[in-house]
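In what follows, a single structure is set out as structure tokens and then discussed.
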Amino acid sequence: MPLYEHVFLARQDASPQQVEELTTQMTGIVEQLGGKVTKTENWGVRSLTYRINKNRKAHFVLLNIDAPSAAIAEVERQERISEDVLRYLSVRVEELEEGPSAMMRKADRDRERDDRGGPGGYRGDRGDRGDRGPRRSREDVDGGEEE
């Protein structure tokens, strides 16, 4: 059977439980039509690049699907009907990615960077800088002359 990566965006004001129910509904459709969902990832609420139907954020969900094309067509039809789904995209792939997706790996990297004090975080002891000395006055900078 063909393999697909399917991502859909749900409205930001939908609760996580509603997003989970929507994911379960789409998984059920795939299974009814003879396919299976091999992986489900909820990427959480993320900012959109541009507004979609007055929404600035959305819940992102990834489904790795092993199913006939009819199952994908039905999932997309149901998502067009649903008011909670803002956008969706199905891409046929040669093989499904094992392990966490690129988005989840990025989230892990970001979390690690924050834990060890990356940009904007605590910089630790900066003893290697030495004393800056006294501040110079404006007269010292300008050469002491007024124009």
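At-a-glance table
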{"quantity": "In region 28-41, the residues that are surrounded by fewer than 15 Cβ atoms within 10 Å (Cβ to Cβ) and part of a strand (DSSP E or B)", "calculated": "Lys36, Thr38"}
{"quantity": "Among residues of region 1-27, those that are aliphatic (A, V, I, L, M), under 20 Å from Asn53 (Cβ atoms) and surrounded by fewer than 17 Cβ atoms within 10 Å (Cβ to Cβ), counted", "calculated": "0"}
{"quantity": "Residues satisfying the stated conditions in region 47-75, i.e. touching a strand residue (DSSP E or B) at 6+ places or on another chain (Cβ under 6 Å) and closer than 13 Å to Gln25 by Cβ", "calculated": "Val61, Leu63"}
{"quantity": "Test for Ser15: is it among the small types (Gly, Ala, Ser) and modelled with pLDDT under 90", "calculated": "no"}
{"quantity": "Residue match in region 121-142 (condition: of a type in the set (A, V, I, L, M, F, W, C), under 20 Å from His6 (Cβ atoms) and at pLDDT below 90)", "calculated": "no"}
{"quantity": "Matching residues, region 1-31, being closer than 13 Å to Ser69 by Cα and touching a residue at least 12 places away in the same chain (Cβ under 8 Å)", "calculated": "Met1, Pro2, Leu3, Tyr4, Glu5, His6, Ile29, Val30"}
{"quantity": "Residue in region 49-61 that is over 14 Å from the mean Cα position of the chain (by Cα) and among the polar types (S, T, N, Q) present", "calculated": "yes"}
{"quantity": "Close pairs (9 angstrom Cβ cut-off, 6 or more residues apart or separate chains): farther than 13 Å from Gly44 by Cα in region 95-107, aliphatic (A, V, I, L, M) anywhere", "calculated": "Glu95/Leu3; Leu96/Leu3; Leu96/Ile65; Pro100/Ala107; Ser101/Leu62"}
{"quantity": "Selection from region 70-119 of residues that are over 16 Å from the mean Cα position of the chain (by Cα), surrounded by 12 or more Cβ atoms within 10 Å (Cβ to Cβ) and part of a loop (DSSP other than H, G, I, E, B)", "calculated": "Ser82, Asp84, Leu96, Glu97, Gly118"}
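The values are calculated or read from the model by the stated rules, or taken from the named source; none is laboratory data. Everything numeric in this text was worked out from a predicted model, so none of it was measured. FYI the Cβ positions are ideal-geometry reconstructions off the backbone, even for glycines, and counts take in every protein chain you see.
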